[in-house]
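The values are calculated or read from the model by the stated rules, or taken from the named source; none is laboratory data. Bear in mind the structure is a predicted one, so any value in this text is a computation, not a measurement. Because the Cβ atoms are built from the backbone with ideal geometry, glycine has one as well, and the counts that use them run over all protein chains shown.
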Amino acid sequence: MFRLLSFHAHPDDESSKGAATVAKYVDAGVRAVLVTATGGEAGDILNPAMDRPEIVADLAAVRRRELDEAAAIIGYDEVIMLGYRDSGMPGSEDNARDDAFTNANDEEVLGRLVQIVRRERPHVILGYDAHERYPHPDHLAVHRHGLELFAAAADGSLFRDAGEAWAVSKLYAPVFTVRRLTALHNAMINRGEESPYGEWIDGIDADGDAGKRLTAIEVSATLGRGRDALRAHRTQVDPDGSWFQIPDDLVLATYPYEDLELLASRVPVEPTETSLFAGISTS
Ligand SMILES: [Zn+2]
């Protein structure tokens, strides 16, 4: 049986990045564990219907409930909160707090992650790419810690009290590729609808996918569950917003895949693999 560990910055990231992929593997019998670094305390309420005083006053608890609901929809076996505070954007009050994820001691964060990995022994980790488009400090931290974690968990000379060394086979990052954006954008236009990606496409580097080791995971069967998980984040996601403007039937007909970028691997990788677990043995 394969095991997968996802590492995310905030509640809702697990649903907007790679959710249908994780759901697909859960359905195939893979054990999936979600590690979320922060409680999303600094995020704005992006759904006007949820912007109410009693929700604002209790936001961390509300977001934890939303996360649990989303994780159950995706099918995660366990949710582990690291308990750091959302760092907010640079220059904000949230960003200056001692308990912000971005201000946490790097060794401490890495040690905790190594302990989780050595206990769970995942074959694959989903982390973040370099996030050039959305340089949220917590997302950049997940990117950096993910790469460090891939190396450190396997090195028995590091974090000796954190359990027996475990070599994760592959580290991926769910990504929004130019090929996917372009395909869905064009399909909306061809259908005579307004594309929610217009501005994004205008500013995009057409060669942005070049040089990346990309894997497309076919997610027709679980696409709807990924969307339902995102909808469970009622305070973070506007049901009338851009996430939901592209109808499922158009996605299924046009690009029924989630793209992931391979950031690191300890096993040989074929140029066109179709599974995150390709090339990995459980023995
Ligand atoms: Zn986030």
Inset, instruction - Select from the range 194-204 the residues that are of a type outside the set (Gly, Ala, Ser) and in a helix (DSSP H, G or I) and list them in ascending order. - result: GLU199, TRP200, ILE201, ASP202
Inset, instruction - List the number of the failed condition for GLY224; all other conditions in (1) of a type in the set (Gly, Ala, Ser); (2) touching a strand residue (DSSP E or B) at 6+ places or on another chain (Cβ under 9 Å); (3) part of a helix (DSSP H, G or I) hold. - result: (2)
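To keep it simple, each residue is scored yes or no on (1) more than 23 Å from ILE125 (Cα to Cα); (2) touching a residue at least 40 places away in the same chain (Cβ under 8 Å); (3) in contact with an Asp or Glu (Cβ under 6 Å, 6 or more places away or on another chain).
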{"residue": "ALA216", "(1), (2), (3)": "no, yes, yes"}
{"residue": "VAL219", "(1), (2), (3)": "no, yes, yes"}
{"residue": "THR235", "(1), (2), (3)": "yes, yes, no"}
{"residue": "GLN245", "(1), (2), (3)": "yes, yes, no"}
{"residue": "ASP248", "(1), (2), (3)": "yes, no, no"}
{"residue": "LEU252", "(1), (2), (3)": "yes, no, no"}
{"residue": "TYR255", "(1), (2), (3)": "yes, yes, no"}
{"residue": "GLU261", "(1), (2), (3)": "no, yes, yes"}
Inset, instruction - Within the range 270-283, work out how many residues are of a type in the set (Val, Ile, Thr) and modelled with pLDDT of 95 or more. - result: 1
Inset, instruction - Among the residues of the range 239-283, count how many are among the hydrophobic types (A, V, I, L, M, F, W, C) and either under 30 Å from ASN190 (Cα atoms) or part of a helix (DSSP H, G or I) (or both). - result: 8
Legend entry - Lone qualifier among TYR134, TYR76 - being in contact (Cβ under 8 Å) with a residue 12 or more places away in the chain and within 16 Å of the chain's Cα centre (by Cα): TYR76
Inset, instruction - Would you check if there is a residue in the range 52-60 being in contact with an Asp or Glu (Cβ under 9 Å, 6 or more places away or on another chain), more than 13 Å from the ligand (Cβ to nearest atom), assigned to a helix (DSSP H, G or I) and free of Cβ contacts under 8 Å to residues at least 24 places away in the same chain? - result: yes
Legend entry - Given (1) surrounded by fewer than 16 Cβ atoms within 10 Å (Cβ to Cβ); (2) touching a Leu at 6+ places or on another chain (Cβ under 8 Å); (3) among the basic types (Lys, Arg), number of the condition LYS170 does not satisfy: (1)
Inset, instruction - Could you list, in sequence order, all residues of the range 1-50 that are of a type in the set (D, E, K, R) and within 16 Å of the ligand (Cβ to nearest atom)? - result: ASP12, ASP13, GLU14, LYS17, GLU41, ASP44
Inset, instruction - Return yes when VAL56 is over 20 Å from GLY18 (Cβ atoms), out of contact with any Pro (no Cβ under 7 Å at 6 or more places or on another chain), surrounded by fewer than 16 Cβ atoms within 10 Å (Cβ to Cβ) and β-branched (Val, Ile, Thr) and no when it is not. - result: yes
Legend entry - the range 59-71 - residue that is closer than 18 Å to GLY241 by Cβ and not hydrophobic (A, V, I, L, M, F, W, C) and, of those, surrounded by the fewest Cβ atoms within 10 Å (Cβ to Cβ): GLU66
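Residues checked against (1) of a type in the set (A, V, I, L, M, F, W, C); (2) surrounded by 15 or more Cβ atoms within 10 Å (Cβ to Cβ); (3) in a helix (DSSP H, G or I):
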residue: ILE73; (1), (2), (3): yes, yes, yes
residue: TYR84; (1), (2), (3): no, yes, no
residue: PRO90; (1), (2), (3): no, no, no
residue: GLU108; (1), (2), (3): no, no, yes
residue: ARG112; (1), (2), (3): no, yes, yes
residue: ARG118; (1), (2), (3): no, yes, yes
residue: PRO122; (1), (2), (3): no, yes, no
residue: TYR128; (1), (2), (3): no, yes, no
Inset, instruction - Report the residue count in the range 1-25 for those that are touching a Pro at 6+ places or on another chain (Cβ under 6 Å), in a loop (DSSP other than H, G, I, E, B) and among the hydrophobic types (A, V, I, L, M, F, W, C). - result: 0
Inset, instruction - Scan the range 1-17 and report the pairs whose first residue is more than 16 Å from TYR84 (Cβ to Cβ) and whose second residue is away from the ligand (no atom under 11 Å from the Cβ) and of a type in the set (Asp, Glu), with Cβ atoms within less than 7 Å and a gap of 6+ or a chain change. - result: ARG3/GLU120; LEU5/GLU120
Inset, instruction - Taking the residues in the range 135-193 that are assigned to a loop (DSSP other than H, G, I, E, B) and within 16 Å of the ligand (Cβ to nearest atom) as candidates, determine which candidate is farthest from ALA37 (Cα to Cα). - result: PHE176
Inset, instruction - Determine whether the range 95-109 contains at least one residue that is closer than 27 Å to ARG231 by Cβ and among the small types (Gly, Ala, Ser). - result: no
